[in-house]
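J.: Handing you this structure, nothing more for now.
Nothing in this text is a laboratory measurement; each read-out follows from the coordinates by a stated rule. Here the structure is a predicted model, which means the values were calculated and not measured. Using ideal geometry, Cβ is built from the backbone for each residue, glycine included, and neighbour counts are taken over all protein chains shown.
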Amino acid sequence: MRRLRLLLLVADGAVNRTLSYQQGWPRHIAKDARYDVEVLNLLGVSWIGRLRYLALRFKTYDAIVLMHSVFSNACALTGWAFDAVRRHHAPKVYFIGNEYKLMPEKMEFCDRLGVKLLVTQSHDFKVQTLYRERLKCAVIGLPNTGWDGEKFRPERERADRKIDLGYRSVASPLFLGHNERVEIKEAFEAAAGRHGLSTDFSLNPEDRLDEDGWAAFLNSCKGQIGTEAGGDYFELTDETRKKINAFLEDRPDASVSEIRGRFLGDYANSVPIRIVSSRNIEAAATKSVQLLLVGEYGGYFKPGVHYLPVKHDYSNLDEVIRQFKNPGLCDEICDRAFDMVRERLAFPVLLNRFDAALRLIV
């Protein structure tokens, strides 16, 4: 098999230090023996960096790979840097991030670059089909992160962990059509007191952790509460998101149920953009048992098999906590989740899928 020469573009800085998927994917692509990788960080480019861009036309790459951080919340590839990448003859690969906002801008970004392979975080066939029809390029679905066995592994027996239940996230924007992260936190905070559980929950962005800190936190918790990532509808137009945000400007106190009734109640043929989160994968890798809202989780995590399932109305919350207090049951859940992650979600496994798609366009 021919070794491929890749230019890997990232936008790595303080803003994404706590996003393990934006750290893990570039790290594992760069060390894969199938590739000869040059990594170029778009943030803080000096005049020396500019010369590197100007020299791109004279370098040979089999592909230019743009990672999630290049354009998730904001586009880091602009101006002369964008032009240098666009003009290079190598096929472009784009790992798209935050597939619930700025979608018209991201589609135009793909058009202008001439993206040949789009890597979506969604496993949904309908989502992937919409991308193919819009962009006329190859599309592959891969989880937003993989398991890094060097970073995330069980370091401590569950019985020796001092925190019963942990949670680190940020509140979802209401335009996603739900408020699950706030709701699950509040539900478990109330239930924990009734059941005598210790908790460490936070939705404060300042309490988010880098990879090492997150791994240590997981190894200090017997369990993690959580949800799927993403929202209840997928649009390439951003029309619904913009309408909801305009409504919230006039009604900042509007409830999520009011938003759902007004904007999503009659939504015809909605396609959800729900994905497995890196938090799910990393909790499983450290054998922290998960108490999760019922969902698909990318088709990987199955309720009652890999996690303790919480109904969306929280009507079974007390029963789930009783199950959580059963060490034998939790050990079985944790072992199955760990084995599944190791077999199906380790970075080398995911990179095999990526490599197969990549070699079809180079």
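J.: Report the charge-dipole magnitude of segment 158-344 in Debye, nearest 20, computed about the Cα centre from +1 at each Lys and Arg Cβ and -1 at each Asp and Glu Cβ.
T.: 400
J.: Related question: In percent, what relative contact order does segment 84-164 have, based on Cα pairs under 8 Å that are 6 or more apart in sequence?
T.: After rounding, I find 26 percent.
J.: Cut-off 17 Å, label point 7 angstrom out along Cα-to-Cβ of Arg251: give me the residues of segment 164-184 whose amide nitrogen falls inside.
T.: It comes to 174-179, nothing else.
J.: Using the crude model of +1 on Lys and Arg Cβ and -1 on Asp and Glu Cβ, and no other charge, please compute the dipole size for segment 205-261 relative to its Cα centre, in debye to 20. Don't jump to the answer; show the numbers that get you there.
T.: Working: 7 positive and 14 negative charges, 46 e Å.
So the magnitude is around 220 debye.
J.: Pop out the ³J(HN,Hα) list for segment 345-354 in order, Karplus 6.51 cos²θ - 1.76 cosθ + 1.60 with θ = phi - 60°, rounded to Hz; leave Gly and Pro as x.
T.: So the Karplus estimates, Gly and Pro as x, are 10, 5, 3, x, 5, 5, 5, 4, 5, 4 Hz.
J.: With an 8 Å cut-off on Cα pairs and a minimum separation of 6 or more residues, tell me the relative contact order of segment 118-181 in percent.
T.: Reported as a whole number, the value is 24 percent.
J.: Among Leu293, Leu40, which comes first, then next, by fewest other beta-carbon atoms within 10 Å?
T.: By the 10 Å Cβ count, ascending: Leu40, Leu293.
J.: Follow-up question, since we're still on this one. For segment 158-344, what class follows from the C-alpha gyration tensor (a ≥ b ≥ c being the square roots of its eigenvalues): rounded when a/c is under 1.5, otherwise prolate if a/b is larger than b/c, else oblate? Write down the numbers at each step before the final one.
T.: Working: a/c = 1.90, a/b = 1.70, b/c = 1.12.
Here segment 158-344 falls in the prolate category.
J.: Now a separate question. Sorted from fewest to most neighbouring beta carbons within 10 Å, what does the list Ile361, Ile244, Ile333, Ile281 look like?
T.: Details: Ile361 15, Ile244 21, Ile333 24, Ile281 28.
Sorted ascending by nearby Cβ count, the order is Ile361, Ile244, Ile333, Ile281.
J.: Can you tally the lysine pairs in segment 158-344 where the Cα-Cα distance is under 22 Å and the two residues are eight or more apart, or on different chains?
T.: Taking the Cα cut-off of 22 Å, the pair count is 18.
J.: Determine by what factor the alpha-carbon radius of gyration of segment 127-258 differs from 2.2 N^0.38 Å, reporting the quotient.
T.: Rounded to two decimals, the normalised Rg is 1.33.
J.: Over what distance in Å are the Cα centres of segment 303-341 and segment 272-294 separated?
T.: Cα centroid of segment 303-341 versus Cα centroid of segment 272-294: 12 Å apart.
J.: Label point 7 Å out from His312 along Cα-to-Cβ: which residues of segment 216-257 have amide N under 17 Å?
T.: Output list for this probe position: 226-234, 256-257.
J.: Let me ask something additional. Grab the DSSP H runs of the chain that are 4 residues or longer, score each as -39,500 (n - 2.57), total them, divide by all residues and round the 222 nm result to the nearest 500 deg cm²/dmol. Mind showing how you got there, number by number?
T.: On the way: 13 runs with 137 residues, N = 362.
Helix-only estimate at 222 nm: -11500 deg cm²/dmol.
J.: Remind me, relative contact order of the chain in percent, using alpha carbon pairs under 8 angstrom and six or more residues apart? Write down the numbers at each step before the final one.
T.: Working: 614 pairs, mean separation 61.2, N = 362.
Normalised by residue count, the contact order of the chain is 17 percent.
J.: Just the Cα atoms of the chain: what Rg and Dmax do they give in Å?
T.: For the chain, the Cα radius of gyration and maximum Cα-Cα distance read 21.2, 67 Å.
J.: Further question: Report ³J(HN,Hα) in whole Hz for each residue of segment 182-193, in order, from the Karplus equation J = 6.51 cos²θ - 1.76 cosθ + 1.60 where θ = phi - 60°; Gly and Pro get x.
T.: 5, 5, 5, 4, 5, 5, 6, 4, 5, 6, 4, x
J.: In addition: Convert each backbone phi in segment 242-259 into a coupling constant with the Karplus relation 6.51 cos²θ - 1.76 cosθ + 1.60 (shift: θ = phi - 60°), then list the ³J(HN,Hα) values in order as whole Hz, x for Gly and Pro.
T.: Result, rounded to whole Hz: 5, 5, 5, 5, 5, 4, 5, 5, 8, 10, x, 8, 4, 7, 5, 5, 5, 5.
J.: Using the charge dipole of the chain (Lys, Arg: +1 at Cβ; Asp, Glu: -1 at Cβ; taken about the Cα centre), state which of Val310, Leu165, Thr145 has its Cα farthest towards the positive end.
T.: Of the listed residues, the answer is Thr145.
J.: Taking neighbour counts of Cβ atoms within 10 Å as a proxy for exposure, in what order, fewest first, do Trp214, Trp80 appear? Can you show the working numbers first?
T.: On the way: Trp214 21, Trp80 11.
The most exposed by this proxy come first: Trp80, Trp214.
J.: List the residues, sorted by chain then number, that are 5 or more residues from Ala346 or on another chain and whose placed amide H is less than 5 Å from its amide H.
T.: Under 5 Å from the amide H of Ala346 lie the amide H atoms of Trp147, each far enough along the sequence or on another chain.
J.: Right, another one. How large is the dipole of segment 79-222 about the Cα centre if only Lys and Arg carry +1 and Asp and Glu carry -1, each at its Cβ, rounded to the nearest 20 debye?
T.: That gives a dipole near 620 debye.
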